[in-house]
1. Those residues that are assigned to a strand (DSSP E or B) and of a type outside the set (F, W, Y), I need them from the range 203-224; list them, please.
2. For residues that are among the basic types (K, R) and touching a residue at least 24 places away in the same chain (Cβ under 8 Å), scanning just the range 267-302, find the one that is farthest from R93 (Cα to Cα).
3. If I filter the range 33-59 down to residues being among the β-branched types (V, I, T) and not in a strand (DSSP E or B), which single residue comes out as farthest from the chain's Cα centre (by Cα)?
4. For Q133, indicate whether it is out of contact with any strand residue (DSSP E or B) (no Cβ under 6 Å at 6 or more places or on another chain) and farther than 24 Å from S69 by Cβ.
5. Give the residue that is nearest to the chain's Cα centre (by Cα), with candidates limited to residues of the range 228-277 that are part of a helix (DSSP H, G or I) and within 11 Å of T115 (Cα to Cα).
6. Could you say whether any residue in the range 74-81 is surrounded by fewer than 16 Cβ atoms within 10 Å (Cβ to Cβ), outside any loop (DSSP other than H, G, I, E, B) and touching a strand residue (DSSP E or B) at 6+ places or on another chain (Cβ under 7 Å)?
7. For the structure I just gave you, tell me whether I111 is part of a helix (DSSP H, G or I) and at pLDDT below 95.
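The values are calculated or read from the model by the stated rules, or taken from the named source; none is laboratory data. Since this is a predicted model, take the numbers as computed values, not measurements. Heads up, the Cβs are rebuilt from the backbone with ideal geometry, glycines too, and the neighbour counts pull from every protein chain shown.
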Amino acid sequence: MNLIKIIAAAALTSSVSMGVNAQPMAHIYWPFSLASTHAAMVRTIVEELNRVQSDYRYVFQHRPGAGGSIAANAVLNHQGLALLAGTSSFFIRPNLYPAASHDLSKFSTIISYCTNQPLALVSTKYTNLAEIQNKSINIGVIPGSITHLTAIQYSRSNRIDINPVYYQGTPEMTNDVLGGHLDVAVDFLSSATQFTGKINVLGISGNKEFPNGRTLQSQGIPNVVGTHSNFLIYANDTDPKLIESIRQHLPNVLKSKKLQDDCEREHGSIATKTPSTSEAAALYNDQVIFWRSQSQGLVIEK
């Protein structure tokens, strides 16, 4: 065999070997700001999945806009393996913008990884809720998201007039609050904690008090008790082997100190186990029903 044939045979053998051993790519889409701790948690999950297993190569993808629907629909249209990392806003957007959202029936839950994160009304212009009583305020929200729902629920409970100002992520709106360009923003409590002394927390969702945040419930605003955010990974009809692989390896991912620290920084609770297929299906259905009830009568665009 001459030299040219030897080289050609070696190249063919190498390409076949690479084809056999190549890891399938699995893309995890994130729909909100890259500047947040929430995005950092997704990146950590991607890194940890790549560290603890070799069956798939996970890749972080960013598709912001439309309260998460652009990323959700990108997953549906992705040619290959794709998943969505998102918040409870995933279940809310279709209730507020039915015609410009994703189809909840095409997804399922794989796992949750950080739960019960409280939302906060933050401001530099005002120091407490009484100061915005009977006023018309500009309030920063992500359209169709849990921040938007929180603002609407607060407005309805307290009979104040709000003018929603739309953003793609919470860090951007809080920057405008700090700059004095926005009256109030709905952000996560963790962001407000980061700017202690510079930003005022007017009230938080949920029923758990924190040193830096009184609940809205304790201030006579009852409708935002359950409006806290859970962070989950969703799938459409993707490869069942991929889903099983994630469920198998996720317990090791959840042990990541960085992931646990970031979840704790967000005042959330790290998940302690991977749900079974039936448990994940029940979780998904429960979330659909709960957020539909929370959004009752709040359609913004049909």
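1. Of everything in the range 203-224, those that are assigned to a strand (DSSP E or B) and of a type outside the set (F, W, Y) turn out to be G203, I204, G213, T215.
2. This residue is K302.
3. Here the answer is V52.
4. Details: out of contact with any strand residue (DSSP E or B) (no Cβ under 6 Å at 6 or more places or on another chain): yes; farther than 24 Å from S69 by Cβ: yes.
Here the answer is yes, as Q133 does meet what is asked.
5. C263
6. Scanning the range 74-81, I find no residue that is surrounded by fewer than 16 Cβ atoms within 10 Å (Cβ to Cβ), outside any loop (DSSP other than H, G, I, E, B) and touching a strand residue (DSSP E or B) at 6+ places or on another chain (Cβ under 7 Å), so the answer is no.
7. On the way: part of a helix (DSSP H, G or I): no; at pLDDT below 95: yes.
No; evaluated as a whole, the condition is false for this residue.
Matching residues to (1) surrounded by fewer than 22 Cβ atoms within 10 Å (Cβ to Cβ); (2) modelled with pLDDT of 90 or more; (3) in contact with a Gly (Cβ under 7 Å, 6 or more places away or on another chain); (4) over 16 Å from E266 (Cα atoms):
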site: F195; (1), (2), (3), (4): yes, no, no, no
site: I199; (1), (2), (3), (4): yes, yes, no, yes
site: E209; (1), (2), (3), (4): yes, no, no, no
site: L216; (1), (2), (3), (4): no, no, yes, yes
